[in-house]
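Reading through the structure tokens given below for one structure.
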Amino acid sequence: MKAFYTILLLIISNIFMTFAWYGHLKLQEMKVSTNWPLYAVILFSWGIALAEYSCQVPANRIGFIGNGGPFSLMQLKVIQEAITLIVFTVFTTVLFKGEALHWNHLAAFICLILAVYFVFYK
């Protein structure tokens, strides 16, 4: 169950992270935050990032082998990076209509899946 909770928290964390890093661009596109000063955009993003850290830190603690979890630090990082790109891809293709997937993006994802495979390879 620790592996499941770790991955679930990493997914939730990455959803918040993606919105913290790129959500303000969508708000600007929608004319919601067009007139916000930069410090307000930063504070808004930090607020979202607090929710991200509230999931990321427990995910790493639960999942880390040193705390009784199933994953090494390398495995946790590679899993997190793969999740980040999946969440980012969904976010970008759904919310930003001008962005599209190309063959080289798919090739990169295959490389990431191979990275996950190799990091777990004994």
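Being in contact (Cβ under 8 Å) with a residue 12 or more places away in the chain, of a type outside the set (S, T, N, Q), surrounded by 15 or more Cβ atoms within 10 Å (Cβ to Cβ) and closer than 18 Å to Leu95 by Cα, is that true of even one residue in segment 34-49? Within segment 34-49 (the criterion being in contact (Cβ under 8 Å) with a residue 12 or more places away in the chain, of a type outside the set (S, T, N, Q), surrounded by 15 or more Cβ atoms within 10 Å (Cβ to Cβ) and closer than 18 Å to Leu95 by Cα), the answer is yes, since at least one residue qualifies. Residues that are modelled with pLDDT of 85 or more and of a type in the set (Phe, Trp, Tyr) were ranked within segment 74-116; the one that is surrounded by the most Cβ atoms within 10 Å (Cβ to Cβ) is Phe91. Ala20 meets the conditions (1) under 20 Å from Ala108 (Cα atoms); (2) surrounded by 16 or more Cβ atoms within 10 Å (Cβ to Cβ); (3) without any contact (Cβ under 8 Å) to a residue 40 or more places away in the chain; (4) hydrophobic (A, V, I, L, M, F, W, C) in every case but one. The failed one is (1).
When segment 103-122 is filtered for residues that are in a helix (DSSP H, G or I), farther than 30 Å from His24 by Cα and either touching a helix residue (DSSP H, G or I) at 6+ places or on another chain (Cβ under 8 Å) or of a type in the set (Ser, Thr, Tyr) (or both), the ones remaining, listed by number, are Ala115, Val116, Tyr117, Val119, Phe120.
Scanning for something over 17 Å from the mean Cα position of the chain (by Cα), farther than 23 Å from Leu112 by Cα and part of a loop (DSSP other than H, G, I, E, B), does segment 37-47 turn up at least one residue?
yes
Selection over segment 63-73 of residues that are buried (at least 18 other Cβ atoms within 10 Å of the Cβ) and touching a residue at least 40 places away in the same chain (Cβ under 8 Å) gives a count of 3. Of the residues making up segment 26-48, at least one is hydrophobic (A, V, I, L, M, F, W, C), at pLDDT 90 or above and under 30 Å from Ala3 (Cα atoms).
Looking at segment 56-75 only, could you name the residues that are assigned to a helix (DSSP H, G or I) and under 14 Å from Ala3 (Cα atoms)? Selection gives Gln56, Pro58, Ala59, Asn60, Arg61, Ile62, Gly63, Ile65, Gly66, Asn67, Leu73, Gln75. How do the pairs read when you match residues in segment 76-102 that are at positive phi and assigned to a loop (DSSP other than H, G, I, E, B) with residues anywhere that are surrounded by fewer than 18 Cβ atoms within 10 Å (Cβ to Cβ) and of a type outside the set (Val, Ile, Thr), using Cβ under 7 Å and keeping only pairs 6 or more apart or on different chains? From segment 76-102, no pairs qualify.
The values are calculated or read from the model by the stated rules, or taken from the named source; none is laboratory data. As the structure is a computational prediction, the values presented were derived from the model and not from experiment. We place every Cβ from the backbone using ideal geometry, glycine too, and count neighbours over all the protein chains shown.
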